[in-house]
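The values are calculated or read from the model by the stated rules, or taken from the named source; none is laboratory data. What you are looking at is a predicted structure, and each value in this text was computed from that prediction instead of being measured. Using ideal geometry, Cβ is built from the backbone for each residue, glycine included, and neighbour counts are taken over all protein chains shown.
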Amino acid sequence: MSANPEPQIDPRSLDLERRRLSQRLEEISKLCESDVPPGVFYGELLKKLLESLAAPVGAIWIRTNQGNLQLQFQANLKEVGLDKTEESRQSHEELLRQVVVNPRQVVLLPRSGLVIEETGKSGAGNPTDFLLLLVPISLNNQLTGIIEVFQGANRAMNAVPGFMQYMALMADLATRYQRNQMLGQMLGQQQIWTQVEGFSRLAHSSLNPVEVAYQVANDGRRLINCDRVSVAVRYAQKAVIEAISGADIIERRSNLVRLMQRLVNRVMDWGEKLVFNGAKDDTLPPRVLEALDGYLGESGSKLLVVLPLRDEREKDSKNPPRSLLVMESFDPPADPQQLIARLDVVSRHATSSLYNSLLYRRIPFRFLWLPLAKVQEGLGGAGKAITLLIITGIMLIGLMFYFVPYPLKMDAVGQLQPEIRRKVFSPVDGIVKEINVQPGDIIAENRALGIMHDGQLEKEIRVYRKEIQIAARDAFLWEQRSSKGTENERLASLVEAEKMNIIRSSKEKELEALVKRTNADLHPQREGFFFLKAPGFSSQENLKVNDQKRWMVLSNAFQENLANRAVKPSEELLRLGAVEGPWEIELKIPQQHIGQVLRGFERLGTDTLDVDFLIRSDTTRKFKGKLPRKKIGGEANPEKSDGMEAEPVIIALVQLEQGVDPEFRLPKEMLLSGIEVQAKIRCGNERMGYSLFYGLWEFFYEKVVFFF
């Protein structure tokens, strides 16, 4: 059986087709050297490519400034059914993304997938019934777009390499067009360079943010050659429209300004450049896209660019940019790239000028620092100015310390105490049998506080009683004898009876004195027992307490310590105080301070010094008292506290009521015996330096000056 002969190809037809392909490449080559807009160029490129490959469907994807793919031009793309199902659309988008991540030529059979070598699987693929051909467009080793062609499934596979080679030639022409567009942008920037220099001088001529914003808006609009330029400035976390080109006053309540301000705040939060040239970009954040639609509906702009201005000095800051530029054109040219290029140039100069003005605005007390800066220049520089400032400051502080009077205050500590108080002692040696009062009890004067027993007292009482009994018996016997015998014998008996009565009376008085002195109990079965009694009030003390003769038990935890304990008359058992009478502070003045306190009386020419004090139970309020000269003790007594060596102190009593302003009197509800007090005694005015550092001066005088 013989094989069928291969179809013969007409050389003339083949040559004619080659000339047609070359002609189309030449036409696209000439087109890429022209100034046609991208939409026209990519439309012609795709049309010629599909005619050359006899392909029914094709598309050109261009990468946006945000790095996303945007459909630039397409032919019959809906016929392949990419949007029939969500799975088909996602598979196609993933295929495009894989080409962006790893630029390369891709050929996929109908209903096939793209296998990633690293992972061995991928969701990218060709979900259509067509043969899919992809060729990347690259500029400076960066992917800038993708050419996508869908061929019929019945095309011979040996023709695919030729298709890919021809698509690669078209991709090279697209690269040339993009390079020419970039060159055109550079030429546009070069042409406005001289204008930019003048704009830069004007933009940096002021440090007022509003003035700079108006300068940028008005001069920037002429430089860019657009219809409107607006400047937004961020204060705190919100951007405010500060200038609109051609408008002397910003009407902030107008709908246009409010929508523009909303848009710039959304872009500021986003942090990226927004470019709208008539085509909707669904890749934008939803909030930005919503604000953009709202503003475009009000302004009618055909070209809109919102550019955040971030200075190099804040590149590492996480805060939003301090200012933004808004460029608008209502009738933009076919190729808006030159306008955008000019905006980039303007923004570089506007960024630094606005940043400087905003930083200057944040400087506190500018009205004070500007004159100081002029003085600094007059002195010859910062170093000399700082040196002179330090010397002047030291001299002023020294003069102030020497000439300015300042209150001299001496520190002391003490305790709150009732002015009338007593210590209870045992009248004789004895053993405590019972205590009848509790801490804080209110008792009357001369009341029994407890019961004690003393064996020696018991013996003395018994001896007195026996002696009284013997003297009474002897007196009775002598009185009986006085009725018998001679006259002399009766007289002698009466004399002896009188002697016995005198002895008995004397012993009774001695016993009465002993009972009064010891508060002894004379009950026959309680001999040797005696009472502890509260002392009485003197007539002068009665006047101070307004005849309210009552004591309060001030001692604590004494019952356990005194129960069945032998005590001596010199040992304190209880402390009592007349809490309803006047109170005072028992102040302990250190010996190194008493000299200043005594000189304070002479310095002020008075017999009373003011005392400021705080109590530990309420350290947020300051109270006042009076220290009379006669209330300062004349003896220094050592006192040891906090593990330190004994430090001599002088006891002084501070009055809390007499002569004290009622506003600074200690309230009665805060009068608790034993509360610690931190006091400062006002000793009159001295030089400020001495008042503040008297301790340091006295140490220096004692350790250094005294030895010379």
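Restricting attention to region 85-114 and to residues that are more than 25 Å from Gly43 (Cα to Cα) and among the polar types (S, T, N, Q), the residue that is surrounded by the most Cβ atoms within 10 Å (Cβ to Cβ) turns out to be Ser91. Checked against the criterion of being assigned by TED's automatic domain parsing to the domain that holds Val212 and touching a Cys at 6+ places or on another chain (Cβ under 9 Å), the candidates Arg348, Arg342 yield just one match: Arg342. Apart from one condition, Lys318 fits all of (1) in a loop (DSSP other than H, G, I, E, B); (2) basic (Lys, Arg); (3) surrounded by 20 or more Cβ atoms within 10 Å (Cβ to Cβ); the exception is (3). Here Leu82 does not fit the description of being touching a residue at least 60 places away in the same chain (Cβ under 8 Å) and surrounded by 18 or more Cβ atoms within 10 Å (Cβ to Cβ).
The residues of region 261-300 that are of a type in the set (Val, Ile, Thr) and closer than 18 Å to Arg63 by Cβ, listed by number, are Val275, Thr283. Each residue in region 132-191 was checked for being outside any strand (DSSP E or B) and hydroxyl-bearing (Ser, Thr, Tyr), and 3 of them qualify.
Criterion first (farther than 17 Å from His523 by Cβ and either without any contact (Cβ under 8 Å) to a residue 60 or more places away in the chain or of a type outside the set (Gly, Ala, Ser) (or both)) does Glu434 satisfy it? In short, no.
Within region 40-57, if we keep just the residues that are more than 19 Å from Ala279 (Cβ to Cβ) and not hydrophobic (A, V, I, L, M, F, W, C), the residue that is surrounded by the fewest Cβ atoms within 10 Å (Cβ to Cβ) turns out to be Glu51.
Would you check which residues across region 576-596 are outside any strand (DSSP E or B), over 13 Å from Lys626 (Cβ atoms) and in contact (Cβ under 8 Å) with a residue 40 or more places away in the chain and list them? Correct list: Ala578, Val579, Gly581, Gln591, Gln592, His593, Ile594, Gln596. Within region 556-610, being under 27 Å from Ala448 (Cβ atoms) and of a type in the set (Gly, Ala, Ser) holds for Ala557, Ala563, Ala566, Ser570, Gly577, Ala578, Gly581.
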